[in-house]
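S.K.: Right, I'll just put the structure down here and ask away after.
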Amino acid sequence: MSAIPDVLELHVHRHLVSHIVVGRDAWDRFLQRLTAEPTPTAVVTHPSIVETFPDLAATVRRLPDVHLLTWPEGEATKSWDSLRDLLDELFRLGFRRDARLVAWGGGVLGDLVGLAAALYMRGIHLWHVPTTLTAQTDSAIGGKTAVDTPFGKNLVGTFYPAEFVWVDPHFLMTLPEVAFRDGMGEVIKYAFLIGEPFLSWLEASTADLQRRDPEALETMARTCAAYKVRVVQADEQDWGMRQWLNLGHTVGHALEAMADYRGLTHGEAVLWGLVAEGLVACRRVGLKTIYLDRLHRLIEAWGGLRPLPTWDETRFWQALELDKKQRHGTVGFRLPLLVEPGRVEVVEDVSLDLLRQALVEAGLITGR
């Protein structure tokens with residue numbers, strides 16, 4: 001009998017393909033697949049979605065072995081207590097490991113439901129039906145799940161890709177204007193990540209998108225989704241290229257945590273982050289000011305930036321220190337910085353002084 005080495009290697013991989021279905025027939029295809037693959041299913045949504053789409057909700061309720069659960073809205077629901085309540089509900093329904101969990105809503109709901117699916121009996125089937133611009137273009141794709149903590153946003157979570165993401169632009173037709181503008185924060189980020197010709201298309205298509213032209217909405221969702229698929233395919237666990245997707249989010253997430261997730265939407269925080277980090281990029285990686293000018297024009301086309309609801313310098317820097325991109329043993333902050341549209345460099349050592357100077361120049365805080 002041969003000797004067993006003292007170091008054994010176990011090579012594992014989650015053999016899961018995530019299907020991103022984008023189109024104005026995505027909801028119909030979702031229902032067809034749900035019916036064709038029957039298994040105990042919980043569709044988690046919000047009361048406002050049931051009220052806006054009563055016929056769709058009634059169709060879901062009529063499906064055999066499908067339970068429609070309504071859940072509160074808002075970032076505050078992305079919490080330990082809400083996660084426990086959702087898991088308890090799945091136990092009360094008697095779900096086994098072959099059950100399915102569907103998030104029918106926005107990014108906050110998708111993060112919460114995704115984490116519940118990852119944890120329940122060590123993982124059950126997960127589908128997304130995103131209804132907001134942020135969720136359709138970004139958060140529902142790629143498998144990031146999380147809840148927030150008092151120390152910061154999305155600090156406890158998993159990578160758990162959905163088996164299906166059904167992106168139907170029709171849900172954007174009834175999205176409140178405030179929520180749509182909020183989602184444009186992520187789309188503007190994508191425009192600078194993707195570069196040309198999408199950046200120029202977005203600039204030229206402002207009027208079409210503002211009147212919710214279905215073809216323009218589908219083009220926008222499909223382009224952003226395709227880019228995110230490519231990035232996540234190259235770096236699922238967020239150690240390299242996927243950190244490009246955090247453009248604007250280092251400062252943005254710290255602003256959200258500082259404001260206790262009140263009075264500042266995620267999209268607004270990201271846009272503030274893009275402006276501040278863009279100023280850092282001009283000094284550290286040579287970003288040309290003409291691209292900052294294009295960023296400002298796009299932001300203005302979508303209503304401009306509102307002043308922060310509060311400023312607490314101590315809390316802001318504390319939240320920034322807890323950003324997931326930071327590494328032990330490094331000096332300064334780790335930021336993905338835009339070099340030019342379509343190209344990002346992750347810089348390891350952005351100094352506090354440089355970042356603070358950018359915050360002052362962006363108008364987030366006053367100098368002293």
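Residue-by-condition table, conditions (1) touching a residue at least 24 places away in the same chain (Cβ under 8 Å); (2) among the aliphatic types (A, V, I, L, M); (3) assigned by TED's automatic domain parsing to the domain that holds LYS144:
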{"position": "ASP168", "(1), (2), (3)": "yes, no, yes"}
{"position": "ILE194", "(1), (2), (3)": "yes, yes, no"}
{"position": "SER200", "(1), (2), (3)": "no, no, no"}
{"position": "CYS224", "(1), (2), (3)": "yes, no, no"}
{"position": "VAL232", "(1), (2), (3)": "yes, yes, no"}
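S.K.: Let me ask something else about it. Residues of the stretch 176-191 being under 20 Å from GLY278 (Cβ atoms) and either of a type in the set (A, V, I, L, M) or free of Cβ contacts under 8 Å to residues at least 60 places away in the same chain (or both), which ones?
M.R.: Across the stretch 176-191, the qualifying residues are MET184, VAL187, ILE188, TYR190, ALA191.
S.K.: Given the criteria free of Cβ contacts under 8 Å to residues at least 12 places away in the same chain and among the hydrophobic types (A, V, I, L, M, F, W, C), does ALA216 qualify?
M.R.: Details: free of Cβ contacts under 8 Å to residues at least 12 places away in the same chain: yes; among the hydrophobic types (A, V, I, L, M, F, W, C): yes.
Considered against the rule, which asks whether it is free of Cβ contacts under 8 Å to residues at least 12 places away in the same chain and among the hydrophobic types (A, V, I, L, M, F, W, C), ALA216 comes out as yes.
S.K.: Are any residues in the stretch 116-128 of a type outside the set (D, E, K, R) and over 14 Å from the mean Cα position of the chain (by Cα), and if so, which ones? Step through it out loud before you land on a result.
M.R.: In the first step, residues of the stretch 116-128 are kept if they are of a type outside the set (D, E, K, R); the result is 116-121, 123-128.
Within the stretch 116-128, ALA116, ALA117, ALA118, LEU119, TYR120, MET121, GLY123, ILE124, HIS125, LEU126, TRP127 qualify.
S.K.: So which residues in the stretch 245-268 are in a helix (DSSP H, G or I) and either under 13 Å from the mean Cα position of the chain (by Cα) or basic (Lys, Arg) (or both)?
M.R.: Start the filter on the stretch 245-268 by keeping residues that are in a helix (DSSP H, G or I), which leaves 245-246, 249-258, 266-268.
Hits for the stretch 245-268 are LEU245, ASN246, HIS249, GLY252, HIS253, HIS266, GLY267.
S.K.: In a helix (DSSP H, G or I), charged (D, E, K, R) and loosely packed, with under 15 Cβ neighbours inside 10 Å, is that true of ARG222?
M.R.: On the way: in a helix (DSSP H, G or I): yes; charged (D, E, K, R): yes; loosely packed, with under 15 Cβ neighbours inside 10 Å: no.
No, not satisfied.
S.K.: State which residue is nearest to ALA362 (Cα to Cα) when the search covers only the stretch 243-268 and only residues that are of a type in the set (D, E, K, R) and in contact (Cβ under 8 Å) with a residue 24 or more places away in the chain. Working first, answer last.
M.R.: Taking the stretch 243-268 as the starting set, the residues that turn out to be of a type in the set (D, E, K, R) are 256, 260, 262, 268.
From what is left, the residues that are in contact (Cβ under 8 Å) with a residue 24 or more places away in the chain are 256, 262, 268.
Values: GLU256: 17, ARG262: 21, GLU268: 14 Å.
It comes out as GLU268.
S.K.: Hey, CYS282 hits all of (1) within 24 Å of ASP312 (Cβ to Cβ); (2) surrounded by fewer than 19 Cβ atoms within 10 Å (Cβ to Cβ); (3) of a type outside the set (Gly, Ala, Ser) but one; which does it fall short on?
M.R.: Result: CYS282 passes all but (1).
S.K.: Still on this structure, I have one more. Taking PHE159 as the residue in question, decide whether it is of a type outside the set (A, V, I, L, M), assigned by TED's automatic domain parsing to the domain that holds ASP293 and either closer than 22 Å to LEU245 by Cα or modelled with pLDDT under 95 (or both). Quick ask: steps written out before the conclusion?
M.R.: Values: of a type outside the set (A, V, I, L, M): yes; assigned by TED's automatic domain parsing to the domain that holds ASP293: no; either closer than 22 Å to LEU245 by Cα or modelled with pLDDT under 95 (or both): yes.
Considered against the rule, which asks whether it is of a type outside the set (A, V, I, L, M), assigned by TED's automatic domain parsing to the domain that holds ASP293 and either closer than 22 Å to LEU245 by Cα or modelled with pLDDT under 95 (or both), PHE159 comes out as no.
S.K.: Hey, can you tell me all the residues within the stretch 10-32 that are in a helix (DSSP H, G or I) and either in contact with a strand residue (DSSP E or B) (Cβ under 7 Å, 6 or more places away or on another chain) or modelled with pLDDT under 95 (or both)?
M.R.: Going residue by residue through the stretch 10-32, those that are in a helix (DSSP H, G or I) are 26-32.
Correct list: ALA26, TRP27, ARG29, PHE30.
S.K.: Further question on the same structure: Got at least one residue in the stretch 290-297 being touching a strand residue (DSSP E or B) at 6+ places or on another chain (Cβ under 7 Å), crowded, with 20+ Cβ neighbours inside 10 Å and at pLDDT 95 or above? Write out each step before concluding.
M.R.: Within the stretch 290-297, the first condition is being touching a strand residue (DSSP E or B) at 6+ places or on another chain (Cβ under 7 Å), and the residues that meet it are 291.
If we keep only those that are crowded, with 20+ Cβ neighbours inside 10 Å too, we end up with none.
No, the stretch 290-297 contains no residue that is touching a strand residue (DSSP E or B) at 6+ places or on another chain (Cβ under 7 Å), crowded, with 20+ Cβ neighbours inside 10 Å and at pLDDT 95 or above.
S.K.: Residues to consider are LEU271, LEU209; find the one that is under 17 Å from GLU361 (Cβ atoms), among the aliphatic types (A, V, I, L, M) and modelled with pLDDT of 90 or more. Please lay out each step first, then the result.
M.R.: On the way: LEU209 fails: under 17 Å from GLU361 (Cβ atoms).
Matching residue, one of LEU271, LEU209: LEU271.
S.K.: Still on this structure: Name the single residue that is farthest from HIS170 (Cα to Cα) among those in the stretch 99-150 being among the polar types (S, T, N, Q) and touching a Phe, Trp or Tyr at 6+ places or on another chain (Cβ under 7 Å). Before you say what the answer is, go through the steps one by one.
M.R.: Pass one, the stretch 99-150, residues among the polar types (S, T, N, Q): 131-132, 134, 136-137, 139, 145, 149.
Next, only the ones that are touching a Phe, Trp or Tyr at 6+ places or on another chain (Cβ under 7 Å) stay: 131, 137, 145.
Details: THR131: 9, THR137: 14, THR145: 25 Å.
Result: THR145.
S.K.: Run LEU287 past the list (1) modelled with pLDDT under 95; (2) within 26 Å of PHE198 (Cβ to Cβ); (3) part of a loop (DSSP other than H, G, I, E, B) and report the number of the one that doesn't hold.
M.R.: Of everything listed in (1) modelled with pLDDT under 95; (2) within 26 Å of PHE198 (Cβ to Cβ); (3) part of a loop (DSSP other than H, G, I, E, B), LEU287 misses just condition (1).
A quick yes/no check of all residues on (1) assigned by TED's automatic domain parsing to the domain that holds THR219; (2) buried (at least 19 other Cβ atoms within 10 Å of the Cβ); (3) farther than 17 Å from HIS19 by Cβ:
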site: ALA58; (1), (2), (3): no, no, yes
site: LEU87; (1), (2), (3): no, no, yes
site: TYR120; (1), (2), (3): no, yes, yes
site: PRO130; (1), (2), (3): no, yes, no
site: LEU133; (1), (2), (3): no, yes, yes
site: GLY142; (1), (2), (3): no, yes, no
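S.K.: Here's another thing I want to ask about it. Just give me the residues in the stretch 145-156 being buried (at least 20 other Cβ atoms within 10 Å of the Cβ) and without any contact (Cβ under 8 Å) to a residue 60 or more places away in the chain, in sequence order.
M.R.: THR145
S.K.: Another one. How many residues are out of contact with any strand residue (DSSP E or B) (no Cβ under 7 Å at 6 or more places or on another chain) and either assigned to a loop (DSSP other than H, G, I, E, B) or at pLDDT below 90 (or both) when one looks only at the stretch 325-348?
M.R.: Qualifying residue count, the stretch 325-348: 4.
S.K.: Does GLU51 meet the test of being in a helix (DSSP H, G or I), surrounded by 16 or more Cβ atoms within 10 Å (Cβ to Cβ) and of a type in the set (Asp, Glu)? Walk me through it before giving the result.
M.R.: Values: in a helix (DSSP H, G or I): yes; surrounded by 16 or more Cβ atoms within 10 Å (Cβ to Cβ): no; of a type in the set (Asp, Glu): yes.
In short, no.
S.K.: Moving on. Does the stretch 246-257 contain at least one residue that is surrounded by fewer than 20 Cβ atoms within 10 Å (Cβ to Cβ), hydrophobic (A, V, I, L, M, F, W, C) and modelled with pLDDT under 90? Lay out the reasoning, then the answer.
M.R.: Taking the stretch 246-257 and keeping what is surrounded by fewer than 20 Cβ atoms within 10 Å (Cβ to Cβ), we get none.
Checking the stretch 246-257: not a single residue is surrounded by fewer than 20 Cβ atoms within 10 Å (Cβ to Cβ), hydrophobic (A, V, I, L, M, F, W, C) and modelled with pLDDT under 90.
The values are calculated or read from the model by the stated rules, or taken from the named source; none is laboratory data. Keep in mind that what you see is a predicted model, and the values were worked out from it rather than measured. With ideal geometry, Cβ positions are generated from the backbone for all residues, glycine too; neighbour counts draw on all protein chains shown.
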